[in-house]
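> Take this structure first; my questions come after.
Please treat every number below as a calculation from the coordinates, not as lab data. Since we're looking at a predicted model, the values are computed, not measured. All Cβ positions, even for glycine, are placed from backbone atoms using ideal geometry, and neighbour counts span all protein chains on display.
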Amino acid sequence: MMNILSVDVGPNGEQSTSRKVARRLVEKLKRPTARAINRDLSTGELPHLDGSMLQAIFTRAEARTADHANILQKSDELVDELLAADAIVISTPVWNFGPPSSLKAWIDLVVRIGRTFSCGG
């Protein structure tokens, strides 16, 4: 089964041109057995990186505390969605020459050493 992760960034909801284009692309990618998951970043639910999150991220998994697990819960959920995806469609506006901060927050939460990338051999 194909998994498609659709990440919507703009806050304009159904008025958003980028979302309409992304939906059309997802529909073209879908097969009869495909599953599409939508992650709407405009809801403001994503935390931005702070000291406690960075500490949790850089603590080895076997040394993490329950507090670390709680702090990383949303990041783990987002990473699991990303890793399960066979295709990723991101629809975002560009404001002030860059994407909204919610997309950067999502990227910060899914770029995880040992989960989504590794250093060295």
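> Taking Cα atoms, how many degrees apart are the long axis of helix 66-84 and the longest axis of the chain, rounded to 10 and kept between 0 and 90?
With both axes taken from Cα atoms, the answer is about 40 degrees.
> Sticking with this structure for a sec: Calculate how steeply helix 101-110 sits against the longest principal axis of the alpha-carbon atoms of the chain, using the helix alpha-carbon long axis, and give the answer as 0 to 90 degrees to the nearest 10.
The angle comes out near 50 degrees.
> Something else about it: I'd like to know how the stretch 16-87 sits against the 2.2 N^0.38 Å rule of thumb: what's its Cα Rg over that expected value?
For the stretch 16-87, the normalised Cα radius of gyration is 1.46.
> Using θ = phi - 60° and the Karplus curve 6.51 cos²θ - 1.76 cosθ + 1.60, what whole-Hz ³J(HN,Hα) does each residue of the stretch 10-23 get, with Gly and Pro shown as x?
x, x, 7, x, 5, 7, 6, 5, 5, 5, 4, 5, 4, 4
> Starting from the eigenvalues of the Cα gyration tensor, five times each then square-rooted, give me the equivalent ellipsoid semi-axes of the chain, largest first, whole Å.
28, 18, 12
> If you don't mind, there's one more thing I want to ask. What ranking do MET1, MET53 get, fewest neighbouring Cβ atoms within 10 angstrom at the top?
Placing the least packed residue first, the sequence is MET1, MET53.
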